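Let me begin by presenting the structure, written as structure tokens, before commenting on it.
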Amino acid sequence: MSTVADIARPAKPALAASQENSGAAPSLAGAGRAEIARALGDLGVPENQRRMRVAQLWQWIYGRGATGFDDMSNVGKELRGALGDHFSLARPQIVSAQLSADGTRKWLLRSQPGTSAPAEFECVYIPEEDRGTLCISSQVGCSLTCSFCHTGTQRLLRNLTAAEVAGQILVARDALGEWPGAERPTDGALPLAPRAITNIVLMGMGEPLHNFDNVRDAMATASDNEGLGYSKRRITLSTSGVVPQIARWGAEAGTMLAISLHAVRDELRDELVPINRKHPIRDLLAACRAYPGVSNARRITFEYVMLDGINDSDADARELVRLMAGIPAKINLIPFNPWPGTAYDCSPWDRIEAFAEIINRAGYSSPVRSPRGRDIMAACGQLKSASERQASEVKASKAGAKSS
């Protein structure tokens with residue numbers, strides 16, 4: 001059978017599984033190399049040509065930000081047509097875009113059209129003078145119920161796919177004019193750095209190590225030097241402490257690591273970060289000491305939210321220093337970002353400074369993270385999408401259809 005015949009009558013695309021019966025073409029935007037190769041195989045592209053064709057599509061999708069196949073000038077017309085007939089390059093849809101007074105941007109995104117389990121999730125872009133950080137989500141909602149975190153009040157709806165995780169980067173690059181020849185937006189601040197997005201942090205909605213495979217595959221796409229090209233030292237995964245997966249992440253993904261610590265005693269951390277009941281502080285810190293590649297040049301970041309009268313005493317600071325012994329570490333102090341219904345208050349500024357001084361005197365860097373995007377609920381711990389409401393509406397709609 002010729003390649004022409006195969007392209008004219010392809011097998012059912014492998015990527016269509018999640019979009020079956022939806023009427024929407026599955027998207028290759030966010031797909032990994034293996035997925036693109038399978039898609040080409042489904043279109044009848046001979047195996048001995050697939051590596052070259054994958055490289056061509058990869059450069060167009062991740063090097064140039066292509067949103068359609070027609071512009072792929074070095075891909076044959078027939079193959080472009082077949083790709084356009086059976087696939088798309090759709091990103092997650094932007095439901096809303098908000099711009100903070102301080103330049104922070106937040107996007108509420110919805111799964112690509114036709115996804116069998118539609119959901120909404122958020123990502124945030126934080127510009128600084130010398131860098132721009134994109135904070136991306138790994139799940140819709142979260143199962144960890146950390147008591148100080150707004151996202152934890154939204155039940156876990158589902159994991160994001162690898163394409164949905166990587167797709168957040170594509171959406172942000174589109175919006176920020178990051179592709180060759182694209183224009184940068186004129187509203188809001190952008191860094192002076194050549195790239196608007198210099199760093200990626202997995203600190204959005206969800207616990208990334210509870211969605212290990214999809215997040216790992218998405219970060220492989222993000223760090224591929226022939227496409228998006230983000231250094232693994234510019235990618236940070238933040239975990240609340242899924243201890244059994246920490247070493248595996250270091251071995252398989254090799255990015256920087258951040259730990260949402262927030263307490264120095266198990267009884268308090270059990271309340272603030274309930275996963276501590278399963279993986280206590282001692283086990284968590286042992287996993288940090290053994291993290292592959294950890295060194296003074298590749299320090300682990302410990303995140304510590306400052307809660308007034310809860311975890312911000314001088315004694316807490318001294319115990320934090322003691323716990324860090326033997327770990328190349330940086331300690332980020334995060335002023336608590338309020339949200340409706342919270343029972344916590346942010347520590348006063350003089351208390352935060354006194355806490356930081358104790359840590360600094362012990363030889364650890366302890367920058368105080370400036371709250372960003374509070375006015376649009378985009379700050380650390382404030383993300384929460386409308387997917388829970390959306391899921392209820394879909395369920396009610398289906399129930400109504402069955403009864404009619």
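The values are calculated or read from the model by the stated rules, or taken from the named source; none is laboratory data. Here the structure is a predicted model, which means the values were calculated and not measured. Note that each Cβ is placed from the backbone with ideal geometry, even for glycine, and that neighbours are counted across all protein chains shown.
What to note about this one:
- Where ARG233 falls short, out of the listed (1) in contact (Cβ under 8 Å) with a residue 60 or more places away in the chain; (2) among the basic types (Lys, Arg); (3) under 17 Å from TYR364 (Cβ atoms): (3)
- Restricted to the stretch 214-321, the set of strands (runs of 3 or more DSSP E) holding at least 1 residues that are at negative phi and in the same structural domain as GLY32 (by TED's automatic domain parsing) is empty.
- Test: VAL305 is among the hydrophobic types (A, V, I, L, M, F, W, C) and either farther than 24 Å from CYS135 by Cβ or free of Cβ contacts under 8 Å to residues at least 24 places away in the same chain (or both): no
- Number of the condition not met by ARG50 [criteria: (1) assigned to a helix (DSSP H, G or I); (2) in the same structural domain as ALA172 (by TED's automatic domain parsing); (3) charged (D, E, K, R)]: (2)
- A single member of LEU57, LEU43 is outside the structural domain of ALA220 (by TED's automatic domain parsing), surrounded by 19 or more Cβ atoms within 10 Å (Cβ to Cβ), without any contact (Cβ under 8 Å) to a residue 40 or more places away in the chain and at negative phi, and it is LEU57.
- Residues in the stretch 145-164 that are in contact with a Gly (Cβ under 6 Å, 6 or more places away or on another chain) and under 23 Å from ILE235 (Cβ atoms) were compared, and the one that is modelled with the highest pLDDT is ALA163.
- Inclusion of ARG234 among residues that are touching a Ser or Thr at 6+ places or on another chain (Cβ under 9 Å), crowded, with 16+ Cβ neighbours inside 10 Å, charged (D, E, K, R) and within 18 Å of CYS123 (Cα to Cα) is warranted.
- The listed residue being more than 25 Å from the chain's Cα centre (by Cα), modelled with pLDDT of 90 or more, over 28 Å from GLY181 (Cα atoms) and aliphatic (A, V, I, L, M), out of VAL75, VAL4, VAL45: VAL45
- Test: residue in the stretch 179-192 that is among the charged types (D, E, K, R), outside the structural domain of GLN59 (by TED's automatic domain parsing), surrounded by fewer than 20 Cβ atoms within 10 Å (Cβ to Cβ) and under 22 Å from PRO113 (Cα atoms): no
- Members of the stretch 89-120 found to be of a type in the set (A, V, I, L, M, F, W, C), part of a strand (DSSP E or B) and under 27 Å from LEU57 (Cα atoms), listed by number: ILE94, TRP107, LEU109
- For the stretch 103-117, a residue qualifies if it is surrounded by 18 or more Cβ atoms within 10 Å (Cβ to Cβ) and more than 17 Å from the chain's Cα centre (by Cα), and the qualifying residues are GLY103, GLY114, THR115.
- For beta carbons closer than 8 Å, sequence separation of 6+ or different chains, a first residue in the stretch 70-99 that is in contact (Cβ under 8 Å) with a residue 12 or more places away in the chain and within 13 Å of ALA25 (Cα to Cα) and a second that is exposed (fewer than 15 other Cβ atoms within 10 Å of the Cβ) and not small (Gly, Ala, Ser), the qualifying pairs are GLY84/ASP70.
- Selection status of TYR304, surrounded by 19 or more Cβ atoms within 10 Å (Cβ to Cβ), modelled with pLDDT of 95 or more and in contact with a Gly (Cβ under 7 Å, 6 or more places away or on another chain): no
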